[in-house]
Amino acid sequence: MPQDIDSHTEHQKDLQTSSTDYEHLADDSHKEGFQRSQKEDHQENSQKESQESSPKDYATDNNNENANETKVTEDLKDNDLPEEISDEDKETIKKVANDDNLSHAKSYASILVEQVMDAKETFERSLGSLFTSAFTAGLEIGISFFMILSAFALLSRVLPSEYALVLASLLYPIGFIIVVIGQSLLFTEQTSLLSLPVLNGIEPLTKLLRLWGIVIAGNVVGGCLFAALMIGLGLNMQLFSVSDIDAYAEHVLGFEWWVIFGSAVLAGWMMGVTAWLVTSARDTLSRIVLVTIITGSIGFLGLHHSIVGNIEVFSALLYGNTVSLWRYLVFLAVVLVGNTVGGVVFVAVLKNRTFLFEIEKVKEQTANAKERVDIRHR
């Protein structure tokens, strides 16, 4: 009898234990089901989000680049414009500059306003940043001369010197592509660009002159360092000889000073046009093509570019036998002034004046439209 009672008691404990286990299992299964449903819900939400964002994921890099460019003119604020401009004129400029139709070429005003905004950002950079970027450009542009001199030395063995020079000059754009696409500060590209905020009363002339001085100093120092190191390396590698360096330097220097000045003006003009067209392009490939065509033309025509010319003549000063220090300094001064005149007068001033005429035209059209509306309401 006591054994029966004990067995009955143990049986009840077993039932309680099993019921407790079932409860734990039920709880666990409930938790697992809840976690599974949460996980599935999370996966569904993630799929929905990915489906919603898929058009963005499949957008091309060019569209992203274009969106960033159009944002420059769309986000134009009043404080980005000179204080002297009236509120009406500011609204007109915003209207003219707004160019959000990516299927068409950029408008004239959109290009100019984008250049002004880029130049304004350059004005706000630190002196160290400006000099370092300009110094980098001076080094990078030297790659053009290194390639040209190597090609000239090779071709002059099988062709007359004048043909060797022309063919070698086709390599002229290499350094410019590196500088422009890499966005280093090259004086001839920045000449017209940096003058736009001054022409529009946003920045003072003294600040522009200081900025030009920093960029020129960085470009010249970088170019001279490249000449001292890389041209010396090329001589030791026997890619070219001292006579090749002297011959190329005479090709650059063998003119009257006023001829060099006129050539520099034309080169500065073409570099200013390059900066304008690079801003107008909507993708990197188009920019490379434009830089190649225009700078290749400068090289083919033998026009005088101050920063490349600095390396060409300084190399002859260091390693050649025909160039004196005085001749080098006079050449550099004449070409710098010529490039500046070409970039500022023939690009910045004329393009800016055309923009102002366009603003006047839009103001006139707006006034006429208001007049017609007033007449209808009467």
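The values are calculated or read from the model by the stated rules, or taken from the named source; none is laboratory data. The structure presented is a predicted model; accordingly, all values stated were derived computationally and were not measured. Cβ sites come from the backbone with ideal geometry, for glycine too, and all protein chains shown count toward neighbours. Accessible surface is based on the protein model in full, side chains and every heavy atom, while ligands, DNA and RNA are left aside. Shrake-Rupley method; radii C 1.70, N 1.55, O 1.52, S 1.80 Å.
For the reader, a short list of remarks on this structure follows.
- Global geometry of segment 302-353, whether rounded, prolate or oblate, following the gyration tensor of its Cα atoms and the 1.5 cut on a/c: prolate
- Pairwise FRET efficiency - L127 versus H377, Cβ, R0 = 45 Å, nearest 0.05: 0.20
- Karplus (6.51, -1.76, 1.60) ³J(HN,Hα), θ = phi - 60°, over segment 123-131, in Hz, Gly and Pro reported as x: 4, 8, 6, 6, 4, x, 5, 4, 5
- Carbon and sulfur %, accessible surface of segment 251-360 computed with the full protein complex present, 1.4 Å: 74
- L170 paired with L154, simple spin-label distance in nm, labels 7 Å along Cα-to-beta-carbon: 1.2
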